[in-house]
Every structure is written in C-alpha cells, then in structure tokens.
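K.L.:
Have a look at the structure that comes next, please.
The values are calculated or read from the model by the stated rules, or taken from the named source; none is laboratory data. Please read these numbers as outputs of a predicted model, since none were measured by experiment. Every residue, glycine as well, gets a Cβ built from its backbone with ideal geometry; the counts of neighbours run over all protein chains shown.
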Amino acid sequence: MDEFKQNQANGELQPPAPVTESTPRHSQRPPKRRGGFMSGFIGVVIGALLVWFIMQGDNNTKEQSLVNGAEQKDDIVQTERISLDVNTDVTDIVEKVADSVVGVTNLKTISDPWSPEETTRETGSGSGVIYKKQGDKAYIVTNHHVVEGAQELEITFDDGSKTAGKIVGGDMWTDLAVIEIDAKVVKTVIDFGDSDALKRGETVMAIGNPLGLGFSGSVTVGVVSGKDRSIPIDFDENGTVDWFADVLQTDAAINPGNSGGALINLAGQLIGINSMKISEATVEGIGLAIPINLAIPIIDQLEKHGEVNRPTMGVTLLDLRSIPAQQQREMLKLPANVTEGVVINEVMSNSPAQLADVKQYDVIVEMDGEKIGDMVSLRKHLYNSKQVGDTMQMKVYRDGRLIDIEMVLKDGNSF
C-alpha cells in the first residue's frame, strides 16, 4: 500500500504485486476483489481529468480578467485626458487676468471711548479691476457703493500683497468709482472688451472676492443670460424708484464681495463690472453686471474730473402720479386725459430752468419729442441723451395749456 501511494505521487499508477506460484490456490483473491481495483483505477483517472479541466478554465478566466482590466484602464485614461483638454482654455484665461483683479477694503477711523487712541476698522469690502497703467499711477474701477464713505482704502492683490488706494471719484447713478494706486506694484492690466457684441448663451467668467478676502480670487463660470436689463434703484430707500440701472444678466455666481469685480469673456477681456445679485428665496442664478461700453465714458470722466459732469436743469421734481387727482384738476388745471408727467416743484435761481422761464407747477410731458412719464424717464433722457451746453426742447402744461420751452443745459456746478 505504501508503494502504491509513492508511485501515485510520482504520477504513475501501479497495481499491487502479482501472486507467486508458491501461493496456495485457496489463498488467491476472489474475482470480486479485482473488480474493486478496476473501479478505483477508473475513478483516479476521471478525477485527474476533472482537475485538469478545472485548472484550464481558471487560467482562461484569469486571462480574460486581465484583458478586461487593461481595456478598463485604457478607458479611464482617455476620459481624464478629455476632461483636462476642456478646462485648459478657462484656466489659461484666469491665469492671464487674475493679477488684474484686486480686493478693495473700505477702512474708517473710529474713536474708542475707553482709549485715547483712534483705531482703523474695516467697514466693508469688495473687488476691483486694474484697467490702466500710466506713468507712476495705475487705475482701478470698482463700484461706488464699495468705496462710499471710505476714509482709507486698502488694495489686496492676488498674491496677498497689499497697497494703499486713493479715491479719484465716484458716481452714484451708475454705481461706478475709480481708485488710484502706485504703478510700481502693478503686474497686470486688463483689456476692455465690447459688451455690445455679446450674445445670449456666450460663456463668461466672474472673478472677485465673494464674502470677503477669505475667498479672494474666486472664479465662477456661466453664460450671458440676457442683455439690456433695467433694474429699479431706490437710492434713499423711501419706496420710490429713483433710477433704472442698465445691466447685463448672467448666471455666473455673484455674491456680496464680488461687487466691483470682473466679468470677462473667453478672450480674457473685461466686458462687465459685477454689481449686484437679485436675492430672493424664489430666485436663483441672477447676477447683474454693468456693461463695459456704458462704463467707459463714466470711467473717463471720473479719472479726469473726479465726477461725472451731467447736464442740469436746476429744478426739483415730483411725479404727477404722486399728486391726488383733485389737486391735479384744481391746482395744476390739467386736462382729464393727462395722467403722466413730471411736475416742477421748485426752480433754482440763475438755473437753466429760470433762464428759460420755467415756472413752478409746470408739468413736463415731452423732451425732444420723447414722452416723459415720470422722473426716471426724465433723468434717463437728460443723463443719457444730452450733454452740458446742449439745447433741449420741452412741452409743458401750464394752467391747462400746452406750451413749448427751449432750454440750454448747464453743469450743476455753474449756478
């Protein structure tokens, strides 16, 4: 039996030793015993064949798994490569203009009642864009509301370095302001684009400092959602609309702190100054920016004069709608069909209005052939269509009669 096991281990199948002639006949194994041997022999052969087939199948499975694994790996590499190619343009543009977008911190000096020393504290922050470098000065455009009331300005660059800024001028109506800094610290100046050439659906990027300098240089990507949007503005928060701001609409995220930052196109050009966002529980993805084509003339005037020299009539005004119907009939003597217009409440001395013989309670209904329905439409015509020194034709109701008046407009500082 031990010999049988040894031979089996060596891969050979040997039967037991044969019976010798000296063995008596009655001691030979019966035929049944020989049948058991044959059954065992056949079982061993079948078992060996089964083991061989199983091993072959396992090898095939492993080879197939390796092939599938290689194919899967190739697919993953290809997907990653495509993703990188898609993002290359955006990252290159951001790298190109990032140094031109800065943080603007509004600082005020505050007296401490418990200390003889005054302290400087941050009262607000926003963003700005370096658009010009000339001689030893460089210029930043931002929002007027970012720098309003500032006693000091601190400018923070993309690399974290800081410098002092000085307000050159600001304009409440367009919410624009210009800041001056030392040109030596400026690395990059952004180029102006053409906001009139923008198309709905065009890709744009907003760069700024949402929620403060802790998120400086944040980049959000979106599209131009709409052009020529008009947003009502109430400057004194008295519930009356004072102005309609002309803006671009984008779904690129704009949050507090982004104000004054850059809205750029895929050429890396400045096409808008991020200004505001509509914040309501039911509203998502409506960011607003001042179109650069509207901003450039204002920027030029602020840089040169420190203010925008707009033409002035020299009057105080009231919307006709705000006057009760009875007073419209009795005091103003207006025809029943006149329901819109602007009432002259007061005429200033030596003003263009006084020189043109405009009277208190005159009701303006038309300027240069354009219907005037309220103070907003009057201001838009005056500020957007006229210049200092221009002549303006008006139609007004006085004591129930419609009359024509010609007025030469002046700068508000001249009277």
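K.L.:
Just name the residue that is nearest to N106 (Cα to Cα) out of those in the stretch 158-179 that are surrounded by fewer than 18 Cβ atoms within 10 Å (Cβ to Cβ) and hydroxyl-bearing (S, T, Y).
P.N.:
Here the answer is T163.
K.L.:
Suppose the filter is assigned to a helix (DSSP H, G or I), at pLDDT below 95 and under 21 Å from I292 (Cβ atoms); does A98 pass it?
P.N.:
Judged against the criteria, A98 is a match.
K.L.:
Separate question: Somewhere in the stretch 376-385, is a residue within 23 Å of D242 (Cβ to Cβ), touching a residue at least 60 places away in the same chain (Cβ under 8 Å), part of a helix (DSSP H, G or I) and among the charged types (D, E, K, R)? Step through it out loud before you land on a result.
P.N.:
Going through the stretch 376-385, the residues within 23 Å of D242 (Cβ to Cβ) turn out to be 376-385.
Now drop any that are not touching a residue at least 60 places away in the same chain (Cβ under 8 Å), which leaves 376, 378-380, 382-383.
Within this subset, residues satisfying the condition of being part of a helix (DSSP H, G or I) are 376, 378-380, 382-383.
Restricting the remaining residues to those that are among the charged types (D, E, K, R) gives 379-380.
Yes.
K.L.:
Of the residues T203, T156, T119, which is assigned by TED's automatic domain parsing to the domain that holds V223 and either touching a Gly at 6+ places or on another chain (Cβ under 8 Å) or without any contact (Cβ under 8 Å) to a residue 24 or more places away in the chain (or both)? First the steps, then the outcome.
P.N.:
Values: T156 fails: assigned by TED's automatic domain parsing to the domain that holds V223; T119 fails: assigned by TED's automatic domain parsing to the domain that holds V223.
When all the criteria are applied, what remains is T203.
K.L.:
Let me ask another. Whether any residue in the stretch 302-311 is small (G, A, S), assigned to a strand (DSSP E or B) and surrounded by 12 or more Cβ atoms within 10 Å (Cβ to Cβ) is what I want to check.
P.N.:
no
K.L.:
Take S349 and tell me if it is in a helix (DSSP H, G or I), hydroxyl-bearing (S, T, Y) and in the same structural domain as V408 (by TED's automatic domain parsing).
P.N.:
For S349, the condition - in a helix (DSSP H, G or I), hydroxyl-bearing (S, T, Y) and in the same structural domain as V408 (by TED's automatic domain parsing) - is not met.
K.L.:
Answer yes if at least one residue in the stretch 352-359 is outside the structural domain of N265 (by TED's automatic domain parsing), free of Cβ contacts under 8 Å to residues at least 12 places away in the same chain and in a loop (DSSP other than H, G, I, E, B), and no otherwise.
P.N.:
The answer is no, given that none of the residues of the stretch 352-359 is outside the structural domain of N265 (by TED's automatic domain parsing), free of Cβ contacts under 8 Å to residues at least 12 places away in the same chain and in a loop (DSSP other than H, G, I, E, B).
K.L.:
Please work out which residue is nearest to the chain's Cα centre (by Cα), limiting yourself to the stretch 386-409 and to residues that are part of a strand (DSSP E or B) and buried (at least 19 other Cβ atoms within 10 Å of the Cβ). Write out each step before concluding.
P.N.:
Initial filter on the stretch 386-409 (part of a strand (DSSP E or B)): 391-398, 401-408.
Cutting the leftovers down to buried (at least 19 other Cβ atoms within 10 Å of the Cβ) gives us 392, 394, 396-397, 407.
Details: M392: 40, M394: 42, V396: 45, Y397: 47, M407: 43 Å.
Step by step, filter the stretch 386-409, then rank; the result is M392.
K.L.:
Would you point out which residue out of I296, I290 is outside the structural domain of Y397 (by TED's automatic domain parsing) and part of a helix (DSSP H, G or I)? Can you show your working first?
P.N.:
Details: I290 fails: part of a helix (DSSP H, G or I).
Answer to the check: I296.
K.L.:
Something else about it: Taking the condition more than 30 Å from I231 (Cβ to Cβ), at pLDDT below 95 and either among the aromatic types (F, W, Y) or not in a helix (DSSP H, G or I) (or both), does K333 pass? It would help to see each step written out before you state the result.
P.N.:
Working: more than 30 Å from I231 (Cβ to Cβ): yes; at pLDDT below 95: yes; either among the aromatic types (F, W, Y) or not in a helix (DSSP H, G or I) (or both): yes.
Yes: the conditions hold for K333.
K.L.:
When the stretch 117-155 is examined, which residues are found to be over 18 Å from I290 (Cα atoms), modelled with pLDDT under 95 and of a type in the set (V, I, T)?
P.N.:
Correct list: T119, T120, T123.
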